[in-house]
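The values are calculated or read from the model by the stated rules, or taken from the named source; none is laboratory data. The structure displayed is predicted, hence computed values, not measured ones. Every residue, glycine as well, gets a Cβ built from its backbone with ideal geometry; the counts of neighbours run over all protein chains shown. What goes into the accessible areas is simple: the full protein's heavy atoms, side chains included, and nothing from ligands, DNA or RNA. Shrake-Rupley method; radii C 1.70, N 1.55, O 1.52, S 1.80 Å.
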Amino acid sequence: MLRKLALTVEPVDRETLPSLFSRMAILNGTDAANFALDLGTTFRRILEQDEEAVAIFAERAGLSATQLAEMLSWTGERIGDVRMRFRQEVFVSRALRNPIIRGCPLCMREHAADQPHPLRHIALRGDWLCRGVDICHQHHHPLVPLWSSSRPIERDDIGARLAEILPDLRAGSFDRMCFDPTDYDLWLDKRLSQGIAADKTWLASQPVFPTITLCEFIGAALLRTQG
Ligand SMILES: [Zn+2]
């Protein structure tokens, strides 16, 4: 049994593994790569969700089994070459792993507000990873591209990337016009957060990822008709 580190942070709602790992690294005065080495593993093994590496991190971070399972469910877990499990449903990997990382600048600025060490507090949420999720339901702000990299080891080094964009984030450069969520946005958020049992629409009979794809086709067709 490994000891919990003296300095730990609680995961925020829907936080992903790379996000919490980064915040823990920064809190402990280092970066993601060196924090992983300090734990006796590598950052790459953490990102690949190597079972042993994730277990070491969870113990050192003081995560309960429930917290760990919740975090991995919002991060997406590989189940084969091209598929992932995300919120108890099966997705194609490319619907969850994109070179472009998106987020809500208002959420992130709230995390950072008045904090002497903002990077310890800014968290990325798992629903922001999911193709089809286009809005923050707290602020009604569209998810915007924050940074882009085809290399996961760079893309998911959240603290390093956040440090680069923090001045622009604070200056409001990522802010866009807010808009009301559509019925589809509300449905998808409820389905992802509360699961299929809470889905009272006819879509409960369908797996979520094909439904997202179908809605995109229907939406595009409607726009063409109206245009
Ligand atoms: Zn937000």
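In summary, the stretch 38-121 shows an alpha-carbon radius of gyration equal to 1.27 times the 2.2 N^0.38 Å reference for compact globular proteins.
Of the solvent-accessible surface of the stretch 183-226, computed with a 1.4 Å probe over protein heavy atoms with every protein chain present, carbon and sulfur atoms account for 67 percent.
In this simple spin-label approximation, ARG78 and ARG44 carry label points 7 Å from Cα along the Cα→Cβ vector, and these lie 1.2 nm apart.
Counting only protein heavy atoms and a 1.4 Å probe, the chain has 52 square angstrom of accessible area per residue.
For GLU51 and HIS137, FRET efficiency with R0 = 41 Å and r from the beta-carbon atoms, rounded to 0.05? Result of the calculation: an efficiency of 0.80.
Between the helical axis of 158-171 and the longest alpha-carbon principal axis of the chain there is an angle of about 60 degrees.
Each Lys or Arg adds one and each Asp or Glu takes one away; over the other residues whose Cβ falls under 10 Å from the Cβ of ASP199, this sums to +3.
In the assembled protein chains, THR182 presents an accessible area of approximately 70 Å² (probe radius 1.4 Å). For ARG125, the solvent-accessible surface with a 1.4 Å probe is about 40 Å², rounded to the nearest 10.
What a 1.4 Å probe finds exposed on the stretch 1-132 is 50% carbon and sulfur by accessible area, rounded to a whole percent.
Would you please give the FRET efficiency between ALA171 and ASP13, computed as 1/(1 + (r/R0)^6) with r the Cβ-Cβ distance and R0 = 30 Å, to the nearest 0.05? Approximately 0.70, to the nearest 0.05. Expressed per residue, the C-alpha convex hull volume of the stretch 183-226 stands at 69 Å³.
Can you tell me the orientation of helix 51-61 relative to the chain, as the angle in degrees between its alpha-carbon axis and the longest Cα principal axis, to the nearest 10? Taking Cα atoms only, the helix is inclined about 70 degrees. Calculated on the Cα set of the chain, radius of gyration then Dmax: 18.0, 62 Å.
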